[in-house]
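Peer 1: Would you mind keeping the following structure in view while I ask a few things?
The values are calculated or read from the model by the stated rules, or taken from the named source; none is laboratory data. Model, not experiment: these values are computed from the prediction. When we count neighbours, we look across all protein chains shown, and the Cβ atoms used for this are built from the backbone with ideal geometry, even at glycine. Surface areas here come from the heavy atoms of the whole protein model, side chains and all, with no ligands, DNA or RNA. Shrake-Rupley method; radii C 1.70, N 1.55, O 1.52, S 1.80 Å.
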Amino acid sequence: MTLWEVFAPLLRVLSGGRLRVAEPDLSGPPFDFEAEWEYVQATLRLSPRVLRDVARSGSLAPHFHYRHYHKRKKDGGRRDISEPDTKLKQLQQQILTRYLDTRVPHPAAVAYRHGKSTADHVWTHAGAEVVVTADVADFFPSTAEYRVADWWREQIIGDDDHARLLTLLTTHRGGLPQGAPTSPALSNLVNVELDERLTRRADLVGARYTRYCDDLAFSWPRGAEPPSDFRAGVAATLLEFGYRLHPDKGWHVYERTDEPEVTGAILTRNGRIRLPERLKRVMRMLANSGEPHDGQRLEGYKAYEKMMTRRPKSKPPAPSPRRRARQPRPAGPDDIPF
């Protein structure tokens with residue numbers, strides 16, 4: 001909300017409606033980015049002034065808004081969702097296609113990437129003697145707006161107006177909105193330096209590191225274990241980037257014989273992967289059901305089991321381009337396990 005939107009109604013009330021305050025002039029000359037977005041605005045049936053108004057006022061209102069609601073997590077917690085309206089979501093899909101799908105995150109970040117899944121995250125640590133899992137609290141909203149703005153300025157070199165517009169269109173309430181199609185990709189790209197720092201910290205103590213969204217995993221081979229100050233070091237690194245470990249499930253250390261669960265899969269003591277018993281029970285229930293819909297669900301679970309229990313083929317990471325590509329590239333579906 002702009003200062004005009006805050007104070008203009010108050011001034012009218014105090015003056016009994018007699019005071020007429022001129023609204024700020026948002027017309028002005030066009031921005032450089034408007035030519036690039038002209039076709040998109042026409043396709044989405046948006047006024048040619050919409051993006052100009054957003055950039056000049058520093059606010060999405062009154063053109064776009066978010067719907068806020070909650071979803072219950074499997075562990076009983078609550079996930080706050082900020083869902084963009086239809087037009088804003090369509091704009092964010094365009095941003096995802098034009099600017100984000102062409103960028104490559106750090107190899108340790110395996111969530112929300114084409115050709116990657118939780119299997120890549122879990123299998124990296126299969127057969128390890130010691131596994132540490134860490135959970136970041138409020139990951140998306142804690143990815144601060146100023147960090148997103150800095151990243152956009154690095155990509156849109158020489159066009160601060162465009163970088164400011166893209167920041168406004170992809171952040172909400174000071175961070176990344178959980179519910180916007182751009183947030184998963186941005187959460188990876190903004191955190192390239194964080195993943196590099198944690199990878200180096202793991203390398204120094206003979207460990208492996210991967211991150212699946214807010215789930216971090218470190219592992220050590222036989223004969224090695226995390227040093228006593230490793231948790232403090234990881235927590236300090238996360239804090240530098242605005243994150244903190246979850247107060248309840250933020251840090252767990254397992255031995256191979258514990259057969260720990262990592263992002264919904266079990267690391268067995270013989271170096272393999274299996275699904276947890278709760279999912280196997282669901283599969284048995286679906287197998288004994290006569291409902292056609294349950295049969296389709298069972299096939300989905302079987303496909304998930306096949307994906308998780310088969311070691312992924314490793315591929316060399318693609319180099320990250322220095323500058324963003326100017327031409328759009330078709331976007332594929334997010335690789336998010338059910």
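Peer 1: Out of region 79-95, which residues are in contact (Cβ under 8 Å) with a residue 40 or more places away in the chain and open to solvent by 10 Å² or more (accessible area, probe 1.4 Å)?
Peer 2: Arg79, Asp80, Ile81, Ser82, Glu83, Lys87, Lys89, Gln90, Gln93, Gln94
Peer 1: If Glu255 passes every condition in (1) open to solvent by 70 Å² or more (accessible area, probe 1.4 Å); (2) under 30 Å from Arg147 (Cβ atoms) but one, which one does it miss?
Peer 2: Failed condition: (2).
Peer 1: Taking the conditions exactly as written (surrounded by 21 or more Cβ atoms within 10 Å (Cβ to Cβ) and assigned to a helix (DSSP H, G or I)), does Val131 satisfy them or not?
Peer 2: No; evaluated as a whole, the condition is false for this residue.
Peer 1: With a cut-off of at least 1 residues that are of a type in the set (Lys, Arg), name the helices (runs of 4 or more DSSP H) lying wholly within region 164-250.
Peer 2: 192-204, 230-240
Peer 1: Which of the following residues is of a type outside the set (Val, Ile, Thr) and over 27 Å from the mean Cα position of the chain (by Cα): Glu240, Glu259?
Peer 2: Glu259
Peer 1: Which one of the conditions (1) at pLDDT 95 or above; (2) over 18 Å from His106 (Cα atoms) does Glu225 fail to meet, given that it meets all the rest?
Peer 2: Tallying (1) at pLDDT 95 or above; (2) over 18 Å from His106 (Cα atoms), Glu225 fails exactly one: (1).
Peer 1: Another question about this same structure. Go through (1) part of a helix (DSSP H, G or I); (2) touching a Leu at 6+ places or on another chain (Cβ under 9 Å); (3) not basic (Lys, Arg) and name the single condition Ala119 misses.
Peer 2: If we test Ala119 against (1) part of a helix (DSSP H, G or I); (2) touching a Leu at 6+ places or on another chain (Cβ under 9 Å); (3) not basic (Lys, Arg), just (2) comes out false.
Peer 1: For residues that are in a loop (DSSP other than H, G, I, E, B) and touching a strand residue (DSSP E or B) at 6+ places or on another chain (Cβ under 9 Å), scanning just region 81-111, find the one that is farthest from Arg269 (Cα to Cα).
Peer 2: Of everything passing the filter in region 81-111, Asp85 is farthest from Arg269 (Cα to Cα).
Peer 1: Restricting to region 42-78, give me the number of residues that are open to solvent by less than 70 Å² (accessible area, probe 1.4 Å) and either part of a strand (DSSP E or B) or not aliphatic (A, V, I, L, M) (or both).
Peer 2: Adding up the residues that qualify gives 13.
Peer 1: Something else: Any chance you could count how many residues in region 224-238 are touching a strand residue (DSSP E or B) at 6+ places or on another chain (Cβ under 9 Å) and either of a type in the set (D, E, K, R) or open to solvent by 30 Å² or more (accessible area, probe 1.4 Å) (or both)?
Peer 2: 5
Peer 1: For region 278-311, name all the residues that are closer than 23 Å to His125 by Cβ and open to solvent by 100 Å² or more (accessible area, probe 1.4 Å).
Peer 2: Arg278, Lys306, Arg310, Arg311
Peer 1: Same structure, new question: On the basis of being within 20 Å of Gln94 (Cβ to Cβ) and touching a residue at least 60 places away in the same chain (Cβ under 8 Å), does Leu44 make the cut?
Peer 2: Answer is no for this residue.
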